[in-house]
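Quick notes on the structure that follows.
What follows draws every value from the coordinates through simple rules; no lab data is involved. None of these values were measured; they are calculated from a predicted model. Here Cβ is always computed from backbone atoms with ideal geometry, including for glycine, and neighbour counts include all displayed protein chains.
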Amino acid sequence: MKPLIVAATPFEISPSIPLLEELDIPCLITGVGMTATAYALGKALALAPTYAEVINVGIAGSFSRELPLGSVVSISQDTFYELGAEDGNNVLSIEELGLGKGTYFTSSRKAVDLPKYAAITVNRVHGNEASIALCQAKFPHVALESMEGAAVFYACAQEELPCIQVRAISNYVEQRDKSSWKIDLAITNLNNWLQKFIRENY
Ligand SMILES: O=C(O)c1cccc(C(=O)CC[C@H]2O[C@@H](n3cnc4c(=O)[nH]cnc43)[C@H](O)[C@@H]2O)c1
């Protein structure tokens, strides 16, 4: 069985397209964000034969300055950050409201030889010191944020399909400063990892 590679945008996966075509490995470009991802992946899983696993790849922002830009990491768990309620200056998670689950986990089949970190998934990228401080107080264990990861873990959990999420850090989570982002470095490192993983496992 083959894996399904899932990325939000074509530019995040383009260096690996020749290898994926050579090995006839399918690739799904979902569009940015949780809604686009849940729709595209849900439809793909409903229509397609069974996959060995889903491999979600993309760039991400890091809350931790200890992770150099360009680092490639595996996401162990991912939380729908905004899913919950505001309570004055505090936020309550969906679990704390007693309304369901907001955190989903990787379920890898193959060994992924990368450092593992917890992530959150957001609709709106953090770019304000006060909202970043609130997020870090609520989730001190979280190192990264993306805009799709939890939706991929969620869809795969519903289908009982193994899923890994690998992200390369393109920027720090801070007041928005796109000039300091290292998108090209992150995409190069991410795709070097992906091609090695595919060659070793498929
Ligand atoms: O121009 C901007 O301000 C801007 C803000 C967020 C993302 C982008 C992108 O072009 C990348 C889209 C893609 O990248 C992931 N990503 C990258 N960095 C972050 C982040 O700091 N927080 C959340 N997501 C991030 C995300 O998964 C998107 O799919 C441009």
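At a Cβ-Cβ separation cutoff of 4.7 angstrom, cysteine residues of the chain with no neighbouring cysteine are Cys27, Cys135. For segment 21-30, putting each phi into the Karplus relation 6.51 cos²θ - 1.76 cosθ + 1.60 with θ = phi - 60° gives couplings of 5, 4, 8, 6, 9, x, 9, 10, 9, 8 Hz, in residue order, rounded to whole numbers and with x for Gly and Pro. Determine which residues of segment 104-146 fall in the zone a paramagnetic label at Ala48 would reach in this model, i.e. backbone nitrogen under 17 Å from the point 7 Å along Cα→Cβ. Output list for this probe position: 107-110.
Can you bin segment 59-143 into rounded, prolate or oblate? Criterion: square roots of the alpha carbon gyration tensor eigenvalues sorted a ≥ b ≥ c, rounded for a/c under 1.5, prolate for a/b above b/c, oblate for the rest. Verdict is oblate for segment 59-143. Cross-link partners of Lys43 among lysines, defined as those whose alpha carbon lies under 26 angstrom from its own and excluding same-chain residues fewer than eight positions apart: Lys2, Lys101, Lys110.
With angles folded into 0 to 90 degrees, how steeply does helix 129-138 sit against the dominant principal axis of the chain? Use alpha carbons for both and round to 10. Here the helix axis deviates by roughly 80 degrees. Among Tyr172, Tyr39, Tyr81, the residue with the largest mean-square fluctuation in a Gaussian network model of the chain, with springs joining Cα atoms closer than 10 Å, is Tyr39. Residues Ser180, Ser64, Ser71, ranked from the fewest to the most other C-beta atoms within 10 Å, line up as Ser180, Ser64, Ser71. Given axes a ≥ b ≥ c from the Cα gyration tensor, I'd like to know whether segment 100-202 is rounded (a/c under 1.5), prolate (a/b larger than b/c) or oblate. Here segment 100-202 falls in the oblate category. Does segment 1-136 classify as rounded, prolate or oblate by the C-alpha gyration tensor (a ≥ b ≥ c root eigenvalues; a/c under 1.5 gives rounded; else a/b over b/c gives prolate, otherwise oblate)? It comes out prolate by the Cα gyration axes.
Okay, helix-only estimate at 222 nm for the chain: each DSSP H run of n ≥ 4 adds -39500 (n - 2.57), divide by all residues, round to 500 deg cm²/dmol; what do you get?
On the way: 6 runs with 64 residues, N = 202.
Mean residue ellipticity at 222 nm (helix-derived): -9500 deg cm²/dmol.
Partners of Lys178 within straight-line reach, counting lysines whose Cα lies under 29 Å from its Cα and excluding those fewer than 8 residues away in the same chain: Lys116, Lys138.
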